[in-house]
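*Asks:* Can you read through this structure? Questions will come right after.
The values are calculated or read from the model by the stated rules, or taken from the named source; none is laboratory data. Keep in mind that this is a model prediction, so the values were computed, not measured. For accessibility, only protein heavy atoms count, side chains too; no ligands or nucleic acids. Shrake-Rupley method; radii C 1.70, N 1.55, O 1.52, S 1.80 Å.
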Amino acid sequence: MMERPEAARGLEERLLAIMDRKDHWAWPRFTRPGLSRAQLAVHFRHEYRTYVRDFPVLLARVLGQGPPAQARHALAENIFEEQTGKLSLGVAHPDLFLEMMDGLGIARASIEDASIPLEPEAVAYRALLDRVSAAGPWVVGAAVLTIFVEGSVHERDELGGRRAHLPIEEAIRKHPMVMHYGCPPERLRLVRAHRAVEGGHRRDAWAMVLEHVPPEGPLAEAVVSAVAEAHAAWLAYRDSVARAMGIER
């Protein structure tokens, strides 16, 4: 875990306690065979249109609120990579996502077509992301986007340096979309891009929030409340996608 003053560790722990619960009962279904291409298309359509496609825009809204210089640098670097990929593979991350669809044999139109409705809970989750990214204070939007949306249930181990990662080539070979659903490894460059930059992004995310939020008081409460609200909306969103895919608990 990064060294923090005692008071700051209190805020960090409250946020990590939320991230410890960023897990969903349907996730194991994606780690083994058995899903149809139509089911996968439902999942990936929601991921793409709910946040993947527009994630650089969401980050840019936070940057546009004029945070301090250190936070501006971190946000600008994140936006630059998401939109251009030029800190890793030279391809925008949303385009790498669609490249994975090509590898899975899923038509891009079935992912991008705005006439295909999303589940109401997905629309609600996106509305929350739109709201917190556009409304001040900037650090609330930064916490939701860079800690919650980009983070995972493994956040505590990631920050503590305890999470072991397979070598990237092995990680791609063993990725469920390659092992079980036939995606050619060369079409999974999104995983390679994430590996190249995410360590720095995770450190920047936590530093950006913890160094600009007093450990106690109204701003700390606003940050924790917004991340908790995002978690609840995300769980409802993931429930709705499982429902649309026909997956039962």
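*Asks:* Just reorder Trp25, Trp206 by solvent-accessible area, largest first, 1.4 Å probe, all chains present.
*Replies:* Trp25, Trp206
*Asks:* Let me test this: with uniform point scatterers at the alpha carbons of segment 4-55, what is the Debye-based log₁₀ I(q)/I(0) at q = 0.17 1/Å?
*Replies:* For segment 4-55, the Cα-only Debye profile gives -0.74.
*Asks:* If you don't mind, there's one more thing I want to ask. Given a 1.4 angstrom probe, I'd like the percentage of the accessible area of segment 1-124 that is carbon and sulfur, rounded to a whole number.
*Replies:* 56
*Asks:* With Rg and the Kirkwood Rh both taken from Cα atoms, where does Rg over Rh land for segment 54-137?
*Replies:* Ratio value, two decimals: 1.04.
*Asks:* Any chance you could look up the accessible area of Asp130 with a 1.4 Å probe, heavy atoms only, rounded to 10 Å²?
*Replies:* Surface open to solvent at Asp130 totals about 50 Å².
*Asks:* Taking just the alpha carbons, could you work out the radius of gyration and Dmax for segment 90-201, both in angstroms?
*Replies:* 16.5, 44
*Asks:* Relative to the first principal axis of the alpha-carbon coordinates of the chain, what is the inclination of helix 6-19, with its axis defined by its Cα atoms, in degrees from 0 to 90 and to the nearest 10?
*Replies:* That helix lies at roughly 20 degrees to the long axis.
*Asks:* Can you compute the radius of gyration and Dmax for segment 149-236, using only the Cα atoms, both in Å?
*Replies:* In Å, with Rg to one decimal and Dmax whole: 16.7, 51.
*Asks:* Follow-up. In what order, largest first, do Leu219, Leu145, Leu166 sit by accessible area if the probe radius is 1.4 Å?
*Replies:* Leu166, Leu219, Leu145
*Asks:* Taking a probe of 1.4 angstrom, what is the accessible area of Lys174 in Å², to the nearest 10?
*Replies:* About 110 Å², rounded to the nearest 10.
*Asks:* At 222 nm, what helix-only mean residue ellipticity would the chain give, in deg cm²/dmol to the nearest 500, using -39500 (n - 2.57) for each DSSP H run of four or more?
*Replies:* Roughly -19000 deg cm²/dmol at 222 nm, from the helical runs in the chain.
*Asks:* Taking the Cα atoms only, what angle lies between the long axis of helix 120-134 and the longest principal axis of the chain, rounded to 10 degrees?
*Replies:* With rounding to tens, the tilt is 40 degrees.
*Asks:* Answer rounded, prolate or oblate for segment 18-96, using the Cα gyration tensor with square roots of eigenvalues a ≥ b ≥ c: rounded when a/c is under 1.5, else prolate when a/b is larger than b/c, else oblate.
*Replies:* Taking the square roots of the gyration eigenvalues as a ≥ b ≥ c, segment 18-96 is prolate.
*Asks:* To continue, here is another question. Accessible area of Phe97, 1.4 Å probe, to the nearest 10 Å²?
*Replies:* 10
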